[in-house]
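None of the figures in this text is laboratory data; all of them are computed from the coordinates on show. Everything numeric here is computed off the predicted structure, so don't read it as measured data. Here the Cβ positions follow ideal geometry from the backbone for every residue, glycine too, while neighbour counts run over all protein chains shown.
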Amino acid sequence: MRVNLQEIIVGVARWAAQNDTNKNMNRFNNKIVLVTGASRGIGRETARQFAAEGAHVVVHYHRNNEAAMATKRSLAGDNHIIVQADMRDAAGVEEMLNTAVSHYGRLDILINNAGIYEEKSVADSSYAEWQANWRRVIETNLIGAANASFCAAQQMIKQGGGRIVNISSRGAFRGEPTAPAYGASKAGMNGMGQSLAQHLAPYHIFVGTVAPGFVETDMTETHLVGKMGDTIRNQSPLGRVAKPSEVAYAALFLASDEAAFMTGTIIDVNGASYLR
């Protein structure tokens, strides 16, 4: 029998490539992942990608149960659950984490995605409106994420490790002139993530942050029409804004074993629209 060495090499290469593909498609097999703000946009796409790679997903929502159910129905696999919480309510956030741990017995990954964007500038606001805006945005985007991170880390310390990934914003670096509370909340999230990365590393808990620019979601669709939309798209030399899937890719990478030594990292996903 004549052996063709080239065919053997090609066959081994194909086997290795397929093996790597299968491995990558199951990076999160049976991992328990809580995604806040998973009823739409970046959160929904992130939940879908985790589920596609074998994870069991806890789908968080605030008000829209129907949208959360739609997210859950769209997930591959099974054994996914839905939880409701107002991120401004510390007790509600704690109950959200307790529900996830009670159902699965552990929590491997927390994705801090839930957030709100409200425009409120000094020139166009009353003092009362200004204060109310800052309270709503900071309590939702920063304090809510901090409380979720605390509760998740408590469980992760007990079980020997985990991952926390924050979804921040380009606005944390370049400023948000008409939404300063939003920019401040995301800058605070960056600082929180890096502080927790240093503190939690000895417990084998790794923390990363994704900072997107404009993303094509229902939250931004009113900004992306007409001349304003053209201006926003042209901020990037690619002439477009990000897709939710592109932000989710980065979040999954930071949650993976391959990114462990990148704890504390902030990944920009803005199409070179802002470089730092």
Expected output is a single nm value to one decimal: the length gained when fully extending between residue 79 and residue 275, i.e. 0.36 nm times separation in residues minus the C-alpha distance. What is it? 66.5 nm
What's the long-distance tail for the chain, i.e. % of Cα pairs beyond 28 Å? 37
Hey, could you grab the Kirkwood Rh for segment 23-176? Inverse mean 1/r over distinct alpha carbon pairs, Å, one decimal. 16.1
For residue 153, the net charge from surrounding residues (Cβ-Cβ under 14 Å; K, R +1; D, E -1) works out to +1
Principal-axis tilt of helix 127-137 within the chain, Cα atoms, nearest 10 degrees: 10
All other residues with a Cβ under 11 Å from the Cβ of residue 168 taken together, and with Lys, Arg as +1 and Asp, Glu as -1, what is their net charge? +1
Cut-off 15 Å between beta-carbons: net charge of the residues surrounding residue 105, Lys and Arg +1, Asp and Glu -1: +2
Roughly what would the spin-label model give for residue 126 and residue 26, points 7 Å off Cα along C-beta, in nm? 6.1
Counting only residues 5 or more places away or on other chains, whose amide H sits under 5 Å from the amide H of residue 162 once H atoms are built in the peptide plane? 205, 206
Centroid-to-centroid separation of segment 236-272 and segment 49-123 [C-alpha atoms, Å]: 20
Taking only Cα atoms, what is the 0 to 90° angle, nearest 10, from helix 244-255's long axis to the longest principal axis of the chain? 70
Under a point-charge model restricted to the Cβ atoms of Lys and Arg (+1) and Asp and Glu (-1), what is the dipole moment magnitude of segment 28-269 relative to its Cα centre, in debye to the nearest 20? 160
Point-to-point label distance, residue 234-residue 195, nm (Cα→Cβ direction, 7 Å offset): 4.1
